[in-house]
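Presented below is the structure to which this report refers.
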Amino acid sequence: MSTTEANESRELKERVIEINRVAKVVKGGRRFSFTALVVIGDEVDRVGLGYGRAREVPLAISKAVEDARKNLFTVPKHGQTITHEIVGRFDAARVVLRPASEGTGVIAGGGVRAVLELAGIRDVLSKSIGTTTPINMTRATVNGLRRLVRPEDVAQLRGKTIAEVLPVSSAARAARAAAAEAAEVAESASVDETSEEDAAE
């Protein structure tokens, strides 16, 4: 079984984010219908967002699920988190997504949490900026996830190794600075010893 077939064979789970009643004013009065916002995913790396409208709630949900299946995409991941920080945008909504260390969990709420969990992301930090409308927030999250790139793709594009492309952590940066400082101290000590020997001669 190929990787593509294995991905398609995984069971897709669905989660209803919001159901809203909308009214259309016609000649005889108001005609009510329902809208449903649904996210589906396999909790590994595939997720999709759908929106449906119908006269009854179950039909609206089924329409939203069909729409979400058409919009399925694969999310690039680094372990249990995302590959890099990104800001998802949709209309007035801004959702900041940041990678997190193992054990952090999904720091998000509402529709953003549903999208991230069904995408298989277990450790991530998020912050919503702007409107808190569920549909705009979830679409901003999907926009951010769609624009994520893998380190190997960036490395190939720029002609570098993956290690050169990956961001340097603060701990690694501190270790490099300490090593450079130790090298400078050792070098200055050897210069002092040489000058003392020259003076003695």
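Since every read-out is calculated from the coordinates, none of them should be taken as a lab result. What you are looking at is a predicted structure, and each value in this text was computed from that prediction instead of being measured. For neighbour counting, all protein chains shown are included, and Cβ atoms are generated from backbone atoms with ideal geometry for every residue, glycine included.
Okay, here's what the table says:
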| item | result |
| --- | --- |
| Phi to ³J(HN,Hα) by Karplus 6.51 cos²θ - 1.76 cosθ + 1.60 over region 33-41, Hz, x for Gly, Pro | 9, 10, 10, 10, 10, 10, 10, 10, x |
| Alpha-carbon gyration tensor eigenvalues x 5, square-rooted, for region 110-163, Å | 28, 12, 9 |
| Nearest-0.05 FRET efficiency for residue 160 and residue 188, computed from C-beta distance (R0 30 Å) | 0.35 |
| Listed pairs 27/70; 63/127; 77/127; 13/77 exceeding 26 Å between Cα atoms | 27/70; 63/127 |
| Rounded D (µm²/s) - region 49-154, Kirkwood Rh over Cα pairs, Stokes-Einstein at 20 °C, 1.002 mPa s | 150 µm²/s |
| Region 90-103 - phi-based ³J(HN,Hα) in whole Hz, Karplus 6.51/-1.76/1.60, Gly and Pro as x | 7, 6, 8, 9, 10, 10, 8, 10, 10, x, 10, 6, 4, x |
| Difference of contour (0.36 nm per residue) and Cα-Cα distance, residue 16 to residue 133 | 40.6 nm |
